[in-house]
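A short worksheet on the structure shown next.
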Amino acid sequence: MIEYESLANSNATFMSELEQAATRVIRSGWYVLGSEVEAFEAEFAAYTGSRHCIGVANGLDALILSLEALALPAGSDVLVASNTYIATILAILRAGHRPVLVEPDPATFNIDPARLEAALTAATRAICITHMFGKSCRMDDITSFAREHGLKLVEDCAQSHGARFAGKTTGTFGDAGCFSFYPTKNLGAIGDAGAVVTDDEELAERLRHLRNYGSRKKYVNRYVGINSRLDELQAAMLRVKLRHLDDMTVHKRALADIYFSELPDFITRPVRREDEFDVFHIYGIRHPQRDALRDFLLEHGVKTEIHYPLSPHRQEAMKGILSGEYPISDELHRTELSLPISVGHTADQIHQVCTIINRFTK
C-alpha cells in the first residue's frame, strides 16, 4: 500500500536530530517562550526575508491574532477565497469581521485577482488570501489592488512554506504572513505550532503581547490577549526541520516532475508558471469522475486525499453566515484529488501511481 502520507516515514530522516533537540529542551528546564523560540523566530524570519517572526500555538491563531492586531473597525468586510480551507474564514469571524467570498482561478485554486473589484463593499478593509497547495497567489495584482483601495493584506501561508512569486517569499508581500506548522505541512512540527512574519515593528510588538495574555512584562497586561505561545519543544523540532526545508522542497518538486511527465492527458494537472516557485504541499489533480478514480487507486493500493470535500459556504457551521452561490468553488471541490507527494515517498512509488492512473478507464 502506498500511503497518502506517513509522518513516521517523513520524519525518519531527521530522527536523531529531533531526539537530540527534544533531550536538550527537556534537560534545560525551560519550556515556554525561551531560547528555542527566540532562535526559531530569528531563523524563520531570516528564511522568509522578514524583519520579525512571532511564534504562536497554531496556524489558526496566527490568522486570528494578525487580524486582531491590525485593529480594523469592528465588523469590517474581509475578502477571502470561496474555496479556502475553513480556518481562514473562521479566523475572520473570530476576529469580529465578515468574510466576503471571492471565487478562485480554477487553473490554480488561488483567489482570482480579476474578481476582487466586484466583491468590494463600503465596509471592505482587508484581503486575506491563501496560497493554496504550495503555489503563490498572483501577488503583483493583489498587492496593487490592496494599495489602490487602501486595504490591509494578510497572507495565509499554511501551505506555502518557501514558495515564491517573482523571487519573493510568500508571507512577505502583505502586512502579515501567517504560517501553520501542523505535522503534515512541508515544515511540520511534532504537534500544533504556528507563526506570523511581518516587517511592521508596531504590528510585531502587538502580536507578541496578544499571544501572551496581552502581556510582555509579567502581570502587566496591555491588551486583551490570549494564551497562544509556541512552546520550546516544538520550536526546537522546527529548528531541526527548517535546516532541511530546502532539501525537502527539492525532493517534492522532483516527485511533482514525475507526475507532470507521466500522468495521462485526461487528468487536469496543476499549472506551472516561470515566475512562481511551487513547493507542492499538495499535488492536486482534477477529474470529472474523481470519486471513481479515487476508488480505483485505492483498489490498486494507493491512498489519496480530497482538499476539500465541501466548499466553505456548504458547511453546516456557515449556515446564516455565508450566503450566495459559488459554482467555481463547488466544481473544484467536486473534482479535486490529492496524490501522494511527501518527503517519505520515493520516485519509484510515484512512477507506480502514474502507471495505475494511466490504466483508469475514463
Exercise. Would it be correct to say that GLU276 is under 30 Å from ASP247 (Cα atoms) and of a type outside the set (A, V, I, L, M)?
Worked result: yes
For this session: Specify which of the listed residues (ILE64, ILE92, ILE54, ILE26) is assigned to a strand (DSSP E or B), β-branched (Val, Ile, Thr) and modelled with pLDDT of 95 or more.
Result: ILE54
For this session: Might you check whether a residue that is under 26 Å from ASP247 (Cβ atoms), basic (Lys, Arg) and either at pLDDT 95 or above or not in a helix (DSSP H, G or I) (or both) occurs anywhere in the range 117-127?
Result: no
Problem set entry | All positions within the range 25-48 that are surrounded by fewer than 16 Cβ atoms within 10 Å (Cβ to Cβ) and among the polar types (S, T, N, Q) | SER28, SER35
Seminar exercise, completed: The residue that is nearest to SER50 (Cα to Cα), considering only those in the range 152-192 that are among the β-branched types (Val, Ile, Thr) and touching an Asp or Glu at 6+ places or on another chain (Cβ under 9 Å), is THR172
Problem set entry | First in the range 217-232 and closer than 22 Å to GLY29 by Cβ, second anywhere and surrounded by fewer than 16 Cβ atoms within 10 Å (Cβ to Cβ), Cβ under 8 Å, 6 or more apart | ARG229/VAL32; ASP231/TYR31; ASP231/VAL32; GLU232/SER28; GLU232/TRP30; GLU232/TYR31; GLU232/VAL32; GLU232/SER35
For this session: Could you tell me whether CYS128 is under 17 Å from THR48 (Cβ atoms), buried (at least 24 other Cβ atoms within 10 Å of the Cβ) and under 18 Å from the mean Cα position of the chain (by Cα)?
Result: no
Exercise. Take the residues of the range 331-358 that are touching a helix residue (DSSP H, G or I) at 6+ places or on another chain (Cβ under 8 Å) and in a loop (DSSP other than H, G, I, E, B): which is nearest to LEU298 (Cα to Cα)?
Worked result: PRO340
Exercise. For the range 148-166, how many residues meet the condition of being without any contact (Cβ under 8 Å) to a residue 24 or more places away in the chain and either under 18 Å from GLY188 (Cα atoms) or touching a strand residue (DSSP E or B) at 6+ places or on another chain (Cβ under 9 Å) (or both)?
Worked result: 1
Exercise. When the range 139-161 is examined, which residues are found to be of a type outside the set (A, V, I, L, M), outside any strand (DSSP E or B) and surrounded by fewer than 23 Cβ atoms within 10 Å (Cβ to Cβ)?
Worked result: ASP140, ASP141, THR143, SER144, PHE145, ARG147, GLU148, HIS149, GLY150
Exercise. Which of the residues belonging to the range 262-276 are within 16 Å of PHE109 (Cα to Cα) and either without any contact (Cβ under 8 Å) to a residue 12 or more places away in the chain or not in a loop (DSSP other than H, G, I, E, B) (or both)?
Worked result: THR268, ARG273, GLU276
For this session: State all residues of the range 95-128 that are among the hydroxyl-bearing types (Ser, Thr, Tyr) and under 30 Å from TYR283 (Cα atoms); if no residue qualifies, say none.
Result: THR108
For this session: Could you pull out the residue among ARG294, ARG334, ARG269 that is closer than 23 Å to HIS131 by Cβ, in contact with a strand residue (DSSP E or B) (Cβ under 8 Å, 6 or more places away or on another chain) and among the basic types (Lys, Arg)?
Result: ARG269
Problem set entry | In the range 228-255, the residues that are among the small types (Gly, Ala, Ser) and closer than 26 Å to GLU17 by Cβ | ALA235, ALA236, ALA254
Problem set entry | Matching residues, the range 162-205, being more than 17 Å from ALA46 (Cβ to Cβ), not in a loop (DSSP other than H, G, I, E, B) and not charged (D, E, K, R) | PHE165, ALA176, CYS178, SER180, GLY194, LEU203
Exercise. Which ones in the range 240-285 are under 19 Å from GLU336 (Cβ atoms) and among the small types (Gly, Ala, Ser)?
Worked result: ALA256, GLY284
Seminar exercise, completed: (1) buried (at least 21 other Cβ atoms within 10 Å of the Cβ); (2) out of contact with any helix residue (DSSP H, G or I) (no Cβ under 6 Å at 6 or more places or on another chain); (3) not β-branched (Val, Ile, Thr) all hold for ASP200 apart from (1)
For this session: Return yes when ILE226 is over 21 Å from SER50 (Cα atoms) and surrounded by fewer than 18 Cβ atoms within 10 Å (Cβ to Cβ) and no when it is not.
Result: yes
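The values are calculated or read from the model by the stated rules, or taken from the named source; none is laboratory data. It should be emphasised that the depicted structure is a prediction, and the values quoted were computed from it without experimental measurement. For neighbour counting, all protein chains shown are included, and Cβ atoms are generated from backbone atoms with ideal geometry for every residue, glycine included.
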